[in-house]
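What follows is a single structure, written as structure tokens, with notes after it.
The values are calculated or read from the model by the stated rules, or taken from the named source; none is laboratory data. Worth saying up front: this structure is predicted, and the values here are computed from it rather than measured. Positions of Cβ are backbone-derived with ideal geometry, glycine not excepted, and every protein chain shown enters the neighbour counts.
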Amino acid sequence: MADKDEKTFWVGFDLGGTKMQATIFDAEFRPLGSKRAKTKGNEGAEAGVDRIIKLINEAQVEAGVTDKALSGLGIGCPGILDLDRGIMHLAPNLGWENIKLKDILEKALKCPAYVVNDVDAGVYGEYRFGAARDAHCALGVFPGTGIGGGCIYEDRILRGKTNSCMEIGHIQVMPGGPLCGCGRHGCLEAVASRLFIAASAAMAAYRGQAPHLLADGGTDVAAIRSGALSRAIEAGDEAIERIVRQAAKHIGTAVGSVANLLAPDIVVLGGGLVEAMPKLFVEEVREAAEKQALPSMAAGMKIVAAKLGDDATVAGAAAWARRSVEGNGRK
């Protein structure tokens, strides 16, 4: 193993809406130290960035790695980003605006820092180390409060000139359908996100159609998490199973449409919903995607559940930092 004073260590950071995680990796991307904390969106950007740096420092202490040994840092972030300049223009769930994250982190940690979309980082992690390892084209779809998407094409994150792309959650799958948070109607998020599923499940419970969910999670949408939905289905709440399967079919339809454009050889499904019900989601998404995609695209496409869980983003962000430092990332 390399000396811990040599520049052979990488930082991966996941800045989420509810939690943040910092992990230190060695040159073989073995995790040496990792720390997690809750994200406090109401504390303000300055305090929030200070907590990011503090958490990284704590992970360094656990790993026994000093600043001068760090080769680079990658941070997966939500919101509207300027990827090249490393600026977080807007993160609505955090209440942060126009934060020069790259400059702040580089000054604090004395190493190159790279800002990347959090879902892109997660998909890159699965591509490098998980379910999509060594794919030619890997599409990732992560249903949660919204529905995030990312694509790795020939070892590069597919992106726009300055910002991230692959907003699969805002593909229209139901013209004239429910209102989406983006202000449009019938987006995939509006009919297949966990928020939509939980709201529909709460109505079913209220109507007496899902007694097991009613006893477990009640009718409070915020309390109906992925695990509660899974337990209700296992206990026999057929109404909940129909709701979840229909949502998964909508995701499959969107995946099939994207497949006609990108011809992915692997589609990775991740996030809490998929982790709680992997077999159901993979089956339904595969069936709907194969119906929507052209036969030639469907024939070469494998749909799988993610393997890395919460560690996908930190691993992917760190690996992308290394790729960028070594001159292979987009400048």
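Structure above, values below:
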item	result
Residue within the range 33-42 that is at pLDDT below 90 and within 22 Å of Gly160 (Cα to Cα) present	no
Selection from the range 146-177 of residues that are assigned to a loop (DSSP other than H, G, I, E, B) and either surrounded by 14 or more Cβ atoms within 10 Å (Cβ to Cβ) or touching a Cys at 6+ places or on another chain (Cβ under 8 Å) (or both)	Gly146, Glu154, Asp155, Leu158, Cys165, Met166, Glu167, Ile171, Val173, Met174, Gly177
Qualifying positions in the range 275-306 - among the hydrophobic types (A, V, I, L, M, F, W, C), touching a strand residue (DSSP E or B) at 6+ places or on another chain (Cβ under 8 Å) and over 18 Å from Val173 (Cβ atoms)	Val282, Met301, Val304, Ala305, Ala306
Residue in the range 294-302 that is within 22 Å of the chain's Cα centre (by Cα), assigned by TED's automatic domain parsing to the domain that holds Pro264, of a type outside the set (Asp, Glu) and buried (at least 19 other Cβ atoms within 10 Å of the Cβ) present	yes
Residue check, Ala190 of a type in the set (A, V, I, L, M), out of contact with any Ser or Thr (no Cβ under 9 Å at 6 or more places or on another chain), at pLDDT below 95 and not in a strand (DSSP E or B)	no
Single residue of Glu326, Glu290 found to be charged (D, E, K, R), crowded, with 18+ Cβ neighbours inside 10 Å and more than 23 Å from the chain's Cα centre (by Cα)	Glu290
Lone qualifier among Ala199, Ala235, Ala239, Ala223 - being modelled with pLDDT under 95, over 17 Å from Lys302 (Cβ atoms), surrounded by fewer than 23 Cβ atoms within 10 Å (Cβ to Cβ) and out of contact with any Lys or Arg (no Cβ under 8 Å at 6 or more places or on another chain)	Ala223
Given (1) out of contact with any Leu (no Cβ under 6 Å at 6 or more places or on another chain); (2) surrounded by fewer than 16 Cβ atoms within 10 Å (Cβ to Cβ), index of the condition Ala37 fails	(1)
Test: Gly208 is assigned by TED's automatic domain parsing to the domain that holds Ala247 and either modelled with pLDDT under 95 or in contact with an Asp or Glu (Cβ under 8 Å, 6 or more places away or on another chain) (or both)	no
Sole exception among (1) surrounded by fewer than 19 Cβ atoms within 10 Å (Cβ to Cβ); (2) outside any strand (DSSP E or B) for Gly48, by number	(1)
Residue satisfying all of: in the range 245-263; of a type in the set (A, V, I, L, M, F, W, C) and within 30 Å of Ala232 (Cα to Cα); surrounded by the most Cβ atoms within 10 Å (Cβ to Cβ) among these	Ile251
Meets criteria (in contact (Cβ under 8 Å) with a residue 24 or more places away in the chain, touching a Cys at 6+ places or on another chain (Cβ under 8 Å), buried (at least 19 other Cβ atoms within 10 Å of the Cβ) and not charged (D, E, K, R)) for Gly72	yes
Selected residue [buried (at least 17 other Cβ atoms within 10 Å of the Cβ) and under 18 Å from the mean Cα position of the chain (by Cα)] from Ala205, Ala192	Ala192
Scope the range 9-21; condition farther than 9 Å from Ile75 by Cβ and either within 17 Å of the chain's Cα centre (by Cα) or among the basic types (Lys, Arg) (or both); matching residues	Gly16, Gly17, Thr18, Lys19, Met20, Gln21
Index of the failed condition, Lys279 passing every other in (1) without any contact (Cβ under 8 Å) to a residue 40 or more places away in the chain; (2) among the charged types (D, E, K, R); (3) in contact with a helix residue (DSSP H, G or I) (Cβ under 7 Å, 6 or more places away or on another chain); (4) under 17 Å from Pro143 (Cα atoms)	(3)
Residues located in the range 132-145, provided they are of a type outside the set (S, T, N, Q) and surrounded by fewer than 24 Cβ atoms within 10 Å (Cβ to Cβ)	Arg133, Asp134, Ala135, His136, Cys137, Gly144
